Amino acid sequence: MLRVALTGPESTGKTTLSQQLAARYGTLWVPEYARAYLDQRGIGLDYTPDDLEAIARGQLAAEEAAAAEAEAQGLPVIFCDTELLVIKVWAEHAFGQCPNWVREQIEQHRYDLILLLGTDIPWEPDPRREHPHLRQYFYELYRRELSGQLSNFAEISGPEAHRLDEACFLVDTLLGRVSDSILPGRDPFQLPL
């Protein structure tokens, strides 16, 4: 069973695309645990490093539960709305350091594919979002981190429909399926994976 994670700065369409992919492939979607955690505790944006570690643990637990359910159902792939690199980047930005447990889990926990979503869609205000003017800055951090980890990742950008087509092309390739069509500008023999 394969795991595909979506990552990137705030308001880049991770939730929308991960839900669309799960629906397209008839499989499970792992939502972003941070929202439920912060809402349940009424914390708002006053989170601490301990909160970030608790969020990371909750995210991994939700992912493991979804993976077990998907395996039991014989599903070939699951989609994760986010992954622990988001916690690392956020912790380092907000507190100057990341909890050691989170760093260790990032090194141990690998995805078959990570989709890094671009900042070329409009910002959507949300009480949980903090930095509308720093999206490109964060995007570059994510790209640098993923490259440094030698992660199997691809950058996804463009309008919503194009993002879905691009992501499906990459997932189909990962699953060993022949895509119905080749995306314009995409060489099927030189994937960014």
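The values are calculated or read from the model by the stated rules, or taken from the named source; none is laboratory data. All figures in this text were calculated on a predicted structure; none of them were measured in a lab. Cβ: placed from backbone, ideal geometry, glycine included. Neighbour counts: every protein chain shown. Areas reflect the complete protein model, heavy atoms only, side chains present, ligands, DNA and RNA absent. Shrake-Rupley method; radii C 1.70, N 1.55, O 1.52, S 1.80 Å.
Could you tell me what fraction of 2.2 N^0.38 Å the Cα radius of gyration of segment 102-184 comes to, as a two-decimal ratio? Present the calculation step by step, with values, prior to reporting the outcome.
Numbers: Rg = 14.9 Å, N = 83, 2.2 N^0.38 = 11.8 Å.
In units of the globular-protein estimate, segment 102-184 measures up at 1.27.
With a 10 Å radius around each residue's Cβ, average the other Cβ atoms per peptide and rank 23-30, 8-15, highest first. The partial results should precede the final answer.
Details: 23-30: 16.6, 8-15: 22.2.
Going from most to least packed, we get 8-15, 23-30.
Could you grab the Rg to Rh ratio for the chain? Cα atoms only, Kirkwood for Rh.
Working: Rg = 16.3 Å, Rh = 17.2 Å.
Value, to two decimals: 0.95.
Write down the accessible area per residue of the chain in Å², having rolled a 1.4 Å probe over the full set of protein chains. Intermediate values should be presented prior to the final figure.
Numbers: 9580 Å² over 193 residues.
Solvent-accessible surface per residue comes out at 50 Å².
So what's the convex hull volume per residue for the Cα atoms of segment 1-79, in Å³?
94 Å³
Ignoring any ligand, DNA or RNA, what whole percent of the accessible area of segment 1-141 comes from carbon and sulfur when the probe is 1.4 angstrom? It would help to have the intermediate numbers written out before the result.
On the way: 3200 of 6500 Å².
Carbon plus sulfur share of accessible area: 49 percent.
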